[in-house]
Amino acid sequence: MNVAAVADLQDSLLVAMNDLKRLEGLLDHATGNLLDRFNQAMQVAEGLPDSPDTQSIRAALHLAVTELQFHDMASQLLVHTGKVLKGCAYTLAEQAMEPEEDEIGVVVTHLPQNPNPVTQSEMDAGSIELF
């Protein structure tokens, strides 16, 4: 692969990384709004007179907390994917260019050690790596 093609591919990987960062920001904003709405609904539900309907509303809101964990999982996946893309971009650069004198013999790994920080594929099962 020639240097120009590697440079173009590396640029594309870096653009994808930036897009992932923007997506993470959008997700953070949406989750913040969702949490605000959730807290408002909880306050309203707490002020309602006790009835079977009110108990159902409160139970549904309490179960919704689990759904808010989606943000944590999605953020971890975005960060991990960004690290993979960055590692690929650096590896491409290393492969396409001759190492400088002080870099000869230095082994650098840019890719994350774990293949995937979030093994959960649905809200009901799986695990999340905390880092």
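Read the figures in this text as sums done on the coordinates, not as results from a lab. From a predicted model like this one, the values you see are computed outputs, not experimental measurements. A quick note on method: Cβ atoms are made from the backbone with ideal geometry, for glycine too, and the neighbour counts reach across all protein chains shown.
Of note:
- Using the Cβ-Cβ distance between residue 38 and residue 18 with R0 set to 30 Å, the FRET efficiency from 1/(1 + (r/R0)^6) comes to roughly 0.50.
- Estimated from the Cβ-Cβ distance and a Förster radius of 25 angstrom, the FRET efficiency linking residue 95 and residue 27 is about 0.15.
- Whole-number percent relative contact order across region 3-103, with pairs defined as alpha carbons under 8 Å at least 6 apart: 57
- Residues in region 13-25 carry Karplus couplings, in order, of 5, 5, 5, 4, 4, 5, 5, 5, 5, 5, 4, 4, x Hz; the curve used is 6.51 cos²θ - 1.76 cosθ + 1.60 with θ = phi - 60°, and Gly or Pro positions show x.
- Under the simplified labelling scheme, the residue 4-residue 60 pair shows an inter-label distance of 6.1 nm, with each label point 7 Å from Cα along Cα→Cβ.
- Sequentially through region 85-96, phi angles give Karplus couplings (6.51, -1.76, 1.60; θ = phi - 60°) of 4, 5, x, 5, 4, 5, 5, 4, 4, 5, 6, 8 Hz, Gly and Pro residues having no value and appearing as x.
- For q = 0.12, 0.13 Å⁻¹, Debye-computed log10 I/I(0) when each Cα of region 3-103 counts as one equal scatterer: -0.60, -0.64
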